[in-house]
Amino acid sequence: MGNVGAKDVPVLLSPEGLRLDGRRLDELRPIRIEAGTLHQADGSAFVEWGQNKVMAAVYGPREVHPRHLQQNHKAVIQCKYNMAAFAVDERKRPGLDRRSQEISKVIAEAFESVVFAEEFPRTSIDVYIEVLQANAGTRCAGLVAASVALADAGIPMVDLVPAVAVGKVAGQICLDLKKEEDNFGEADLPMALVPQSGRLVLLQMEGHMTEEELGRSLDLGVKGCREIYDRMKAALRERYALTPVAGGAA
Ligand code: CDP
């Protein structure tokens, strides 16, 4: 939600109700998910989502570093989200900043509630997310990539975790904000869903909306997550050359 003069604000919604890139309010940006992209990692995935490009790699369960984080009754899930200096228009200062630390923490917490960590005591499951190109929604793209990478690594989980950001743009509730919508819109609400239980494992909000708008945003986000979920399962099926089970179950 940038603070800029009115003359700089682009027209975010056309009179026909179409967005800057021609999408309808409830439409996702194009998304491509590839599982098993990297050879060195135990599991990996690449996600191209609109103009976002995100790579995720998973290692483990393996020895815990640093050692003092080790837990006797379960695996620790360590997540490192990093945005490359060249990922944004204005060069970002390389290295750890507060934003990356916050995103790493909320993504690790989302996975803590789905991974069967008790099965691997005294180990670490390490999740690396590298954002190579950013255009809003990178924590969601990172979560989707990391979730597919965890499955690719064979880590037992309740379910995959699809994620998407919903927001309020020019007074309308919109699915999957792009950069200008995120910058100049009224609210941004990233969320992640466990489809099997319908439970949200990540929910953040920047900006303002009414309670009624929040309800509609959650409904729209859940619908978006379910679409992403189908794409995640398709990527894993393609990787392991599996055909869909009759009746639609994965
Ligand atoms: O990426 P996400 O929407 O999850 O997080 P954000 O902190 O709301 O950032 C929104 C967008 O701002 C990012 O996706 C980038 O496109 C951009 N950004 C940037 O240009 N420079 C930064 N240092 C951080 C973010």
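We did not get these values from a lab; they are worked out from the coordinates using the rules stated. Just so you know, these numbers come straight off a predicted model, no measurement behind them. Here the Cβ positions follow ideal geometry from the backbone for every residue, glycine too, while neighbour counts run over all protein chains shown.
Structure notes:
- Per-pair calculated FRET efficiency, R0 = 30 Å: A234 and H208 via Cβ, rounded to 0.05: 0.25
- Residues in region 212-229 carry Karplus couplings, in order, of 5, 5, 4, x, 5, 4, 5, 4, 5, x, 4, 4, x, 4, 5, 5, 4, 4 Hz; the curve used is 6.51 cos²θ - 1.76 cosθ + 1.60 with θ = phi - 60°, and Gly or Pro positions show x.
- Listed by chain and number, the lysines placed with their C-alpha closer than 18 angstrom to that of K80 are K53, K92, K105; residues fewer than eight positions away on the same chain are left out.
- Diffusion coefficient of the chain by Stokes-Einstein, Kirkwood radius over Cα pairs, 20 °C, 1.002 mPa s: 115 µm²/s.
- Against the chain, whose longest principal axis is taken from its Cα atoms, helix 98-112 shows a tilt of about 60°.
- Peptides 93-99, 236-242 ordered by average Cβ neighbours within 10 Å, highest first: 236-242, 93-99
- Spin-label pair S14/K74, simplified geometry with 7 Å Cα→Cβ offset, distance in nm: 4.9 nm
- Rounded to 10°, Cα long-axis angle of helix 138-152 versus longest principal axis of the chain: 30 degrees
- Residues whose placed amide H lies under 5 Å from that of K80, excluding near-sequence neighbours: V127, Y128, I129
- Contact order for the chain, expressed relative to its length and based on alpha carbon pairs under 8 Å spaced 6+ residues apart, stands at 21 percent.
- Contour excess over end-to-end distance, with Cα ends at E227 and E119 and 0.36 nm allotted per residue: 35.9 nm
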